[in-house]
Structures are given as structure tokens and as C-alpha cells.
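Everything on this sheet refers to the single structure shown next.
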Amino acid sequence: MTLYYTFVFGILAFEMVMFLLLALPVPSKYRKPVTMALIRPFRLTQVQVAVKCILAFILLLFVDTINRVYSVNAELSQTSLASGVSDRNEVQSRKFYAQRNMYLTGITLFLTFTVFRTYGLVWELLELKESYRAEPENMDVDDLKKQIKDAEKEIQSLKERAEGLQADM
């Protein structure tokens, strides 16, 4: 594997670890510090620019591997028409490497977007939990009983209106 595909594989392994840390079911008091520690480096402008450049590079590699797979498939179909076992084996091995590189770059791009979306969902969940815990519990039993009585009165009036409409028909 060439150096840049080894680099892409390293990025893929890093993304898998990040996704695992974000997706593990841990309590909120541990999840928030872990999430903040994971995302803190990515909030810097220089790191964001570097990540975008790396993703663009991986996208170019992905497009290149798709073109290479198509050209190797065309060459394989031409080789199958002409006999030559050693040529066919060599073309099939190139097809394997081209497909491997295509899947490697494709899943790396997919997992990048998945990790960013998962981070957004986890962060939103943590914010909702904090806002829920911050709300005071001012409702007492008397307020709830009053709300129930009001709802029952409204239901009764709606039933009467429905009966009146049914009688008009």
C-alpha cells in the first residue's frame, strides 16, 4: 500500500476510535468531558482548514480510484478475450488493489461525515439534558388537578358541540 493510502487508513482508524467513543453508552457526567476533549482540537481554524484539505485530497483519491477500477475492468475484459493466464492474473491483482483503495477512501469519507453528525447529535443531547435538569419543578398537585379539570371541561364542551353537529345532520 502506498504512503498516501496508508495515511488514509490511519485516518480511518482514528475516525473509528472517535465514533466508538461518541457512540458508547456512558453517563452524561463522563460523556461531556470526553466529547469536549475529542472536539477541542477541531475548533481551531488552522485544524479546520487542514481537515478540509485532507478531505478534499481523499475525495480526489476516491475519484481517481473509481476511474482506475473502470479502466482495469475494461482491460480485464480485453485480456479475457485474448488468452494469456499471466496477464490475466496481473490484471486481476490490479483490479483487487484498485477496488481495495476505492473502498478504503469511500468508507473514510462516509465515516467522516458520520462522525461529525454523531458529534452534533451527542452535543444536542447533552444540551437538552442540561436544559431539562435546569428547569425548576414548580408544578404541584393543585396545579395539575386544575389543569386536569380545565381539560375535562374542554372535552365536555367539544363532545356537546359534536353531538349538536351530529343532530344537525
Summed side-chain charge close to ALA23 - residues other than ALA23 whose Cβ falls under 14 Å, Lys, Arg +1, Asp, Glu -1: +1
Distance between segment 19-66 and segment 100-116 - C-alpha centres, whole angstrom: 12 Å
Residue-averaged 222 nm ellipticity for the chain, from DSSP H runs of 4+ at -39500 (n - 2.57), nearest 500: -31500 deg cm²/dmol
Folded to 0 to 90 degrees: helix 3-23 orientation relative to the chain principal axis, Cα: 20 degrees
Nearest 10 degrees, 0 to 90: helix 28-39 Cα axis against the chain principal axis: 40 degrees
Cα gyration tensor shape for the chain, rounded if a/c is under 1.5, else prolate or oblate: oblate
Prolate/oblate/rounded label for segment 12-59 (Cα gyration tensor, a/c 1.5): oblate
10 Å-binned pair-distance histogram of segment 1-101 (Cα, whole percent): 13, 29, 24, 18, 11, 6, 1
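Tally Lys/Arg at +1 and Asp/Glu at -1 over every other residue whose Cβ is under 12 Å from the Cβ of ALA98; what's the total? If you can, show how the numbers build up before the last one.
Numbers: positive: ARG68, ARG94, LYS95, ARG100; negative: ASP64, GLU75.
That works out to +2.
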Net charge contributed by nearby residues that have their C-beta within less than 13 Å of ARG117 (K/R +1, D/E -1): -2
Lysine pairs with alpha-carbon atoms under 30 Å apart, the chain, spacing 8 or more or separate chains: 10
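Computed from the coordinates by the stated procedures, all read-outs in this text should not be read as laboratory data. Keep in mind the model is a prediction, meaning the values are calculated, not measured. Backbone-built Cβ (ideal geometry, glycine too); neighbour counts: all protein chains shown.
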